Amino acid sequence: MNAQASTPTILQRLHHGAVDWLQTWWRLAQFAVLMLSVALTPATYNRANRPVLARHLVADTVPNLAWFGVLSALVSLVLIRIVVVTSLSYGLSRFALEMVVRVLVLELIPLTAAAFVALRTTLPAGLEFSQGRGAGTVATVQELHGEFYPRVAAGVFAVWMLAAVSCVLTLILAYLTLYGFTPWALTGYTRVVGQVFNPAVTLILVLKVVFFSFAVGLIPMASSFYFGANYRVKVTHGLSDMVRLFAMILLIEVASLMGNYY
Amino acid sequence: MTEQPTQTTHSAPPVRNAEFKAAVLLVIMVLLVAGAAVYLLYARGAFESTQTLFLEADDSEGVVVGMDVTFAGFPIGRVRRIELSKEGKARIVVDVPRDDAHWLRKTSIFTLERGLVGGAKLRAFTGIPTDPPLEEGAARALLVGDPGAEIPRLLATARDLLENLNTLTAENSALAASLANIQGVTGKLNGPSGAMGLIAGDDKNAQQLTERANKLLVTVNALATKADSLIGHADTQVFGPQGVVTDAQATIIQLNGLLADARNSLKKMDAVLVEAQAVGANAKEATADLGTLRAEVESSLRRVEQLVNEINKKWPFKRDTEIKLP
């Protein structure tokens, strides 16, 4: 190759890369809207589709629930204990509960629930599913209802379930770690929790979990919907899915932090 | 993980009673979310009936919506809103649950404390628990205590003090001049003339002064000697063997003897008086008897007179009316 031809090649490559990148995100948005319309269609929940939906839901949620419940309880316990002991040594124990609730329940639990479901369920399942499909096949409506939507819905529901269960578990663990097995500190505890969860914070938490679940459910399945024709895409799209998914999670987390503390 | 079959409809292993389990999961999810929502509403006091309290302060910095108002360390109210009143003061709207409102009385005081470390604290104090209870919609002034606001004032005062100290201890200040003068004075004190030289001023005056002082001392000495001999004479006059004191003593002895005599005669007088008393008592009796005697005599005389008159009546003879008494 002569030197004159190298410069346009670089520019061309850059141009192609940028267009591809934008196209994947656009296709993701289209897939999300498609899944939303399928979710709102009553025919999706008819007698024929319900068994598949139910099976995916249970298979994706229950094993994760058990594992994640135990893991998050353990980590929460350790973190709560550290926070309580440290704050006690500085004489700031009245801030310990608020800090635990804000750090664990508001930030760590949704993030780890989403990451757990993504890494254990939706990313591997999405990769397997896409590898099982032929190149360039167009999805039929039946496939949408029977293959794509159940997986997406199961991923979304798994994130909600894990987040809800471990948030509640963490709140209970925080009470028990701080006060022990006594009911008399419940009023004070309730008051502090009520003060932390003002309407803005609660809304941000709910939105964060919802958007995390959408990201975790949709992104792995979107690339198998728009199956690229070339080999390179087939091999790397699993990795690129993961990168895209975690970039999305990061964006949502940053937005929620700005909403809460800015 | 094992290789999945290429069949698309059975990529997941079969789950028994999937629909039932899915329904259970959905129900649990709904219950968790609804329970959490109810708990949070309860925690934020949506189910308590409350009465409103308005607190007014010049500066409500540090007060956040949702903050507690504490009474004896227990939360007794919650800040619902912070706004500006018509007079431009900060107005804090507090919700007090009706169950706890009886701790607040008409004369309760509300304070906002802002420490140097930590946030603001709203506290309520009730001095007289038997006063009438706080009415609904009461408006009270909030007393603000802020040690942090004292610091600028303290710094300004400290700065003024330091400036004053500076001017006071500067090189050409009055204090420096005074100290220099004191140094001169103490130097003179330690010098050859000492304190006398200091008082006198310069040396010529000092010499004159010392000469005069000397002469004065000599005169005073002579005066003292004379006074001494005078006193010696006076001493002999008064306290000597023939002095006043001896005579006075003799006089006193004589007086003592006189007094003893007088006492004796008085004792005799006493005896005389006792007799006179007896005499007097007898005389009294006699006087009393004399009176009766007189009366009797009078009555006898009257009888005699009557007798004479009767006789005169009955006996026409003119006789001497005089009667000879036995």
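The values are calculated or read from the model by the stated rules, or taken from the named source; none is laboratory data. Every value quoted in this text rests on a predicted model; they were computed, and no experiment measured them. In this analysis, Cβ positions are derived from the backbone assuming ideal geometry, glycine residues included, and neighbour counts consider all displayed protein chains.
Brief remarks follow.
For (1) farther than 25 Å from residue A:53 by Cβ; (2) modelled with pLDDT under 90; (3) assigned to a helix (DSSP H, G or I), each residue gets a yes or a no:
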{"position": "B:5", "(1), (2), (3)": "no, yes, no"}
{"position": "B:30", "(1), (2), (3)": "no, no, yes"}
{"position": "B:51", "(1), (2), (3)": "yes, no, no"}
{"position": "B:61", "(1), (2), (3)": "yes, yes, no"}
{"position": "B:66", "(1), (2), (3)": "yes, yes, no"}
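- Hey, residue A:222 among the small types (Gly, Ala, Ser) and modelled with pLDDT of 90 or more or not: no
- Residue pairs meeting the criteria (Cβ under 9 Å; at least 6 apart or on separate chains; first of a type in the set (Gly, Ala, Ser), in the range A:205-228; second outside any helix (DSSP H, G or I)): A:224/A:133; A:224/A:139; A:228/A:135; A:228/A:136
- Subset of the range A:87-121 [aliphatic (A, V, I, L, M) and under 18 Å from residue A:193 (Cα atoms)]: A:92, A:96, A:97, A:99, A:100, A:101, A:103, A:104, A:105, A:106, A:108, A:109
- Residue in the range A:168-186 that is crowded, with 20+ Cβ neighbours inside 10 Å and under 16 Å from residue A:57 (Cα atoms) present: no
- Residue in the range A:87-98 that is part of a helix (DSSP H, G or I), out of contact with any Pro (no Cβ under 6 Å at 6 or more places or on another chain), surrounded by fewer than 16 Cβ atoms within 10 Å (Cβ to Cβ) and hydroxyl-bearing (Ser, Thr, Tyr) present: yes
- Taken across the range A:50-62, residues that are away from chain B (no Cβ under 11 Å) and either among the hydrophobic types (A, V, I, L, M, F, W, C) or within 21 Å of residue A:214 (Cβ to Cβ) (or both) do not occur at all.
- Flag for residue A:124 being farther than 30 Å from residue A:198 by Cβ, touching a His at 6+ places or on another chain (Cβ under 6 Å) and within 13 Å of chain B (Cβ to nearest Cβ): no
- Any chance residue A:212 is over 20 Å from the mean Cα position of the chain (by Cα) and at pLDDT 90 or above: no
- Test for residue A:72: is it farther than 30 Å from residue A:242 by Cβ and away from chain B (no Cβ under 14 Å): no
- Residue in the range A:60-74 that is part of a loop (DSSP other than H, G, I, E, B) and over 17 Å from the mean Cα position of the chain (by Cα) present: no
- Residue count for the range B:73-120 satisfying the condition of being among the hydrophobic types (A, V, I, L, M, F, W, C), without any contact (Cβ under 8 Å) to a residue 40 or more places away in the chain and not in a strand (DSSP E or B): 3.
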